[in-house]
């Protein structure tokens, strides 16, 4: 009789363990499906952030060289003369940068699936996109700073865009340097974004362990 009860208890234990494993598997599968559903939304958000970054970025480069826009970018993007110049610069920045959000989103959102629960994944990826934008800004400002330190009017060639003669060639060259290096900054930002993803994952794990220990202490 005792052997039968022991065997029954062992069978019950194995059954309960199996049930827990199945529930955990179903939960993970549900989380994965939810995160996959969030990926298109996150890519759209990445495009919006990239576009807004471009609009803000162009306020800086417009301050460096208004001619870079009035004599070049406004013609390239067909900005009407009736639009205020800084608004036009913001429009150019958004149109020139939003598509980088597609590249960044397609690369980073699948990697970000390691972060954890769907809510953590969503919030974490927003922070990751912020890291990418900050990295891009730092690279662009760094390139602008170097251009101020290394270029002068004697070494800069004369520029002409869309039949328009540029008056301040030095400022034009500096604004162009900032723009060109900002695209490089976006690529570097993808790398820092990947690092940020794994930092988010580690932070979530630490929070989870801390919460578990807190629950154990309360229970005891």
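The values are calculated or read from the model by the stated rules, or taken from the named source; none is laboratory data. The shown structure was predicted, so the numbers you read here are calculated from the model rather than taken from an experiment. As a convention, Cβ positions derive from the backbone with ideal geometry for all residues, glycine included, and neighbour counts pool all protein chains shown.
In region 60-105, how many are assigned to a loop (DSSP other than H, G, I, E, B) and crowded, with 17+ Cβ neighbours inside 10 Å? Number satisfying all stated conditions: 3. Taking every residue in region 154-165 that is within 14 Å of residue 73 (Cα to Cα) and pairing it with any residue that is at pLDDT 80 or above and in a strand (DSSP E or B), at least 6 positions away or on another chain, the pairs with Cβ-Cβ distances below 9 Å are 159/165.
This table checks each residue for (1) surrounded by fewer than 20 Cβ atoms within 10 Å (Cβ to Cβ); (2) in contact (Cβ under 8 Å) with a residue 60 or more places away in the chain; (3) touching a helix residue (DSSP H, G or I) at 6+ places or on another chain (Cβ under 8 Å); (4) assigned to a helix (DSSP H, G or I).
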residue: 130; (1), (2), (3), (4): yes, yes, yes, yes
residue: 138; (1), (2), (3), (4): yes, no, yes, yes
residue: 170; (1), (2), (3), (4): yes, no, no, yes
residue: 177; (1), (2), (3), (4): no, no, yes, yes
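Annotation: of all residues in region 53-92 being out of contact with any helix residue (DSSP H, G or I) (no Cβ under 7 Å at 6 or more places or on another chain) and under 21 Å from residue 160 (Cα atoms), the one that is modelled with the highest pLDDT is 63.
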